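The values are calculated or read from the model by the stated rules, or taken from the named source; none is laboratory data. Please read all numbers here as calculations on a predicted model, not as lab measurements. Please note: Cβ atoms are built from the backbone with ideal geometry, for glycine as well, and neighbour counts cover all protein chains shown. Side chains included, ligands, DNA and RNA excluded: accessible areas come from the protein's heavy atoms. Shrake-Rupley method; radii C 1.70, N 1.55, O 1.52, S 1.80 Å.
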Amino acid sequence: MSIEMRPVYINTLSIAAPSLVGLEQAMPILTGKNPWQTSEFPKLAPQLLPANERRRVTSYIKLALYVADEANIPGKALPAVFASSNGDFFITDNICNTLTQNPKFISPTQFHNSVHNAPAGYWAIAAKSPAASTSISTGDSTFSSGLLETVTQVLCQKEDVLFIAYDYPAGPPLDKFSNVTEAFATAFVLSLDKTDTGFGSIKVNLSNNNDDKSRCINDSLNQLQDSNPIAESLPLLEALCLKNSTTLYLPHLNSTKLKVEVSQ
């Protein structure tokens with residue numbers, strides 16, 4: 001498709017992961033000045049949520065809202081794409097345990113938090129946004145699928161779109177069946193327009209070549225990249241923060257890769 005060859009600009013950027021909570025903390029590691037080391041992930045408390053709503057949400061939802069708030073353009077109600085490979089393990093475990101009991105009482109809060117687009121709903125409430133949102137899950141290729149969807153929306157609708165990608169690790173016993181071992185989320189606003197404070201532009205296309213997936217320049221981040229499907233974004237985040245012009249290959253569906261050309 002010809003629209004894939006047009007550049008889309010990434011004008012804001014956010015991240016949340018162990019030792020990488022917020023762009024200010026993450027920048028020395030993403031630019032290779034410091035090595036990454038795992039650490040205990042803090043309890044996030046997105047202040048944009050009303051207190052009543054904040055008490056109802058899980059760590060998974062708070063993770064999505066944290067990066068969405070940091071990346072969002074204040075005062076703009078942007079369309080949004082939410083991408084998560086696994087959904088909320090805590091709610092899944094809670095509901096499954098409840099169904100083994102008698103009576104089988106599932107609260108309305110548990111039920112509405114269980115749907116895949118629950119973070120998008122809480123974001124709409126918190127940001128007072130009437131804009132449309134899309135929620136995506138494609139397993140290990142969720143980040144690249146979400147990125148491709150966001151770029152497509154920007155090019156077709158000719159408007160800025162907020163992209164939020166996030167996954168939170170499961171507790172026992174579901175952790176035995178999950179490949180998510182570290183919390184990781186990232187978000188950015190993509191636009192047809194370049195800003196002075198932006199991070200560069202990208203062009204995306206699907207590749208059928210047998211290219212290996214791109215790895216991090218900062219070798220210490222490879223462990224984190226392998227700990228969460230959303231952390232496959234790390235080579236792209238590094239390139240954006242380093243202001244590097246490069247070509248990256250991200251895991252995508254079946255045997256394809258998403259080719260991402262980063263330019264400054």
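The set of residues in segment 208-236 that are in a loop (DSSP other than H, G, I, E, B), open to solvent by less than 60 Å² (accessible area, probe 1.4 Å) and modelled with pLDDT of 95 or more comprises S214, C216, N218, S227, N228. Anything in segment 89-139 that is closer than 28 Å to P74 by Cβ, part of a helix (DSSP H, G or I) and in contact (Cβ under 8 Å) with a residue 24 or more places away in the chain? List them, or say none. Listed by number, the residues that qualify are N113, A118, P119, A120, Y122, W123, I125, A126, A127.
Looking at segment 13-51 only, could you name the residues that are on the phi < 0 side of the Ramachandran plot, open to solvent by less than 30 Å² (accessible area, probe 1.4 Å) and out of contact with any Leu (no Cβ under 7 Å at 6 or more places or on another chain)? Answer for segment 13-51, where residues must be on the phi < 0 side of the Ramachandran plot, open to solvent by less than 30 Å² (accessible area, probe 1.4 Å) and out of contact with any Leu (no Cβ under 7 Å at 6 or more places or on another chain): P18, L20. Each residue in segment 211-229 was checked for being in contact (Cβ under 8 Å) with a residue 24 or more places away in the chain and within 19 Å of N254 (Cα to Cα), and 6 of them qualify. Of all residues in segment 165-183, none satisfies being hydroxyl-bearing (S, T, Y) and more than 20 Å from A64 (Cα to Cα). Within segment 54-84, the residues that satisfy the criterion of being assigned to a loop (DSSP other than H, G, I, E, B) and at pLDDT 95 or above are L78, P79, S84. Here G198 meets the list (1) part of a loop (DSSP other than H, G, I, E, B); (2) crowded, with 16+ Cβ neighbours inside 10 Å; (3) in contact with a Lys or Arg (Cβ under 8 Å, 6 or more places away or on another chain); (4) not polar (S, T, N, Q) almost entirely, failing just condition (3).
Looking across segment 242-264, the residues that are among the aliphatic types (A, V, I, L, M) and either at pLDDT 95 or above or open to solvent by less than 10 Å² (accessible area, probe 1.4 Å) (or both) come down to L242, L248, L250, L258, V260, V262. Among the criteria (1) out of contact with any Lys or Arg (no Cβ under 8 Å at 6 or more places or on another chain); (2) open to solvent by 20 Å² or more (accessible area, probe 1.4 Å); (3) not basic (K, R), the one A126 does not fulfil is (2). Evaluation of F89 against the conditions (1) surrounded by 12 or more Cβ atoms within 10 Å (Cβ to Cβ); (2) hydrophobic (A, V, I, L, M, F, W, C); (3) more than 23 Å from E232 (Cα to Cα) shows that the sole unmet condition is (3). Considering only segment 140-160, state which residues are assigned to a loop (DSSP other than H, G, I, E, B) and open to solvent by less than 10 Å² (accessible area, probe 1.4 Å). Passing the criteria: none in range. Restricting segment 1-20 to residues that are part of a loop (DSSP other than H, G, I, E, B) and out of contact with any helix residue (DSSP H, G or I) (no Cβ under 8 Å at 6 or more places or on another chain), the residue that is modelled with the highest pLDDT is N11. N205 meets each of the listed conditions (1) of a type outside the set (V, I, T); (2) farther than 19 Å from V260 by Cα; (3) surrounded by fewer than 15 Cβ atoms within 10 Å (Cβ to Cβ) apart from (2).
Each row is one residue, and each column tells you yes or no for (1) over 19 Å from F184 (Cα atoms); (2) loosely packed, with under 14 Cβ neighbours inside 10 Å; (3) not basic (K, R).
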| site | (1), (2), (3) |
| --- | --- |
| Y66 | no, no, yes |
| P74 | yes, yes, yes |
| S85 | no, no, yes |
| Q101 | yes, yes, yes |
| V115 | yes, no, yes |
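State all residues of segment 21-53 that are in a loop (DSSP other than H, G, I, E, B) and under 29 Å from Q157 (Cα atoms); if no residue qualifies, say none. Result: L48, L49. Taking the condition within 30 Å of S59 (Cβ to Cβ), open to solvent by less than 10 Å² (accessible area, probe 1.4 Å), touching a residue at least 24 places away in the same chain (Cβ under 8 Å) and not in a strand (DSSP E or B), does A239 pass? Yes: the conditions hold for A239.
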